[in-house]
Amino acid sequence: MSRRYDPDRRQRIIDAAIRVVGEKGLAGLSHRSVAAEADVPLGSTTYHFRTLDELMVAALRQANEGFAKVVASRGGLADDRTDLAAELAGLMGEWLAGDRTGVELECELYLAAVRRPALRPVAAEWADDLAARLARRTDPRTARALVALVDGICLQVLLTGVPYDEEFAREVLARVIP
């Protein structure tokens, strides 16, 4: 019996993992639940991702692309002529206005790194990338402070259900920028 060629299977498994976490949270993520969602044999999930941590790393890496795409599409962080606080506030607003399930998923996977050391380097990639972009316009310490503030504002919006206030975010961010 020959093997069926399926070059997209790994990606389908990652996409399925993201959907499972979006619907059931991290507690609902298992090789079995992902295999069912991806409509692949259970052995395929364990072939491509030996552990759940490996699968979560792939899902987090893909989920991190959401904010990165918003940053890349606007391009204002690199432009010295833009108001940095306004640009960051606008980026957060655009990201938070996106698909709520996707935003929550990104945050849930990001926060999972607190208890899952395998996820920490991937979670740090997002923060390091944003800090590096901001450090081109400020100093490295201010850049890290801005990343922490962006994290906090986004988490508060998601946790409290209070609508995002772009003007408040711009004002607070401007207080940190020299």
Next item on the list: Taking S73 as the residue in question, decide whether it is hydroxyl-bearing (S, T, Y) and without any contact (Cβ under 8 Å) to a residue 24 or more places away in the chain.
Entry: yes
Item checked: Failed criterion for S33 (all others in (1) of a type in the set (S, T, Y); (2) free of Cβ contacts under 8 Å to residues at least 24 places away in the same chain; (3) surrounded by 15 or more Cβ atoms within 10 Å (Cβ to Cβ); (4) farther than 22 Å from R116 by Cα hold) -> (4)
Check: Which of (1) without any contact (Cβ under 8 Å) to a residue 40 or more places away in the chain; (2) among the basic types (K, R); (3) within 19 Å of A72 (Cα to Cα) is the odd one out, the single condition R137 does not satisfy?
Finding: (1)
Item checked: Members of segment 44-95 that are modelled with pLDDT of 90 or more, over 13 Å from I18 (Cα atoms), assigned to a helix (DSSP H, G or I) and among the hydrophobic types (A, V, I, L, M, F, W, C) -> L84, A85, A86, L88, A89, L91, M92
Item checked: Options D8, D39, D80; residue that is among the charged types (D, E, K, R), within 21 Å of A145 (Cα to Cα) and more than 21 Å from the chain's Cα centre (by Cα) -> D80
Next item on the list: Take segment 72-95 and flag every residue that is over 25 Å from V162 (Cβ atoms) and not hydroxyl-bearing (S, T, Y).
Entry: A72, G75, G76, L77, A78, D79, D80, R81
Next item on the list: Give me a count of the residues in segment 148-174 that are within 14 Å of W95 (Cβ to Cβ) and either touching a residue at least 60 places away in the same chain (Cβ under 8 Å) or among the hydrophobic types (A, V, I, L, M, F, W, C) (or both).
Entry: 9
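So that you can scan it fast, the table gives a plain yes or no per residue for (1) over 30 Å from G93 (Cα atoms); (2) acidic (D, E):
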| position | (1), (2) |
| --- | --- |
| E23 | no, yes |
| S30 | yes, no |
| A38 | yes, no |
| G43 | yes, no |
| Y47 | yes, no |
| M56 | no, no |
| E65 | no, yes |
| A68 | no, no |
Next item on the list: With respect to E108, determine if the residue is within 12 Å of the chain's Cα centre (by Cα) and part of a helix (DSSP H, G or I).
Entry: yes
Next item on the list: Look at segment 96-118 and say how many of its residues are under 23 Å from A169 (Cβ atoms), modelled with pLDDT of 80 or more and open to solvent by 30 Å² or more (accessible area, probe 1.4 Å).
Entry: 5
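For every residue, the table says whether it meets (1) open to solvent by 20 Å² or more (accessible area, probe 1.4 Å); (2) within 30 Å of R9 (Cβ to Cβ).
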{"position": "D53", "(1), (2)": "yes, yes"}
{"position": "E65", "(1), (2)": "yes, yes"}
{"position": "V122", "(1), (2)": "no, yes"}
{"position": "W126", "(1), (2)": "yes, yes"}
{"position": "A145", "(1), (2)": "yes, no"}
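The values are calculated or read from the model by the stated rules, or taken from the named source; none is laboratory data. These numbers come from a predicted model, not from an experiment. Counting neighbours? That spans all protein chains shown, and the Cβs are built from the backbone with ideal geometry, glycine included. All accessible areas refer to the heavy atoms of the entire protein, side chains included, with ligands and DNA or RNA removed. Shrake-Rupley method; radii C 1.70, N 1.55, O 1.52, S 1.80 Å.
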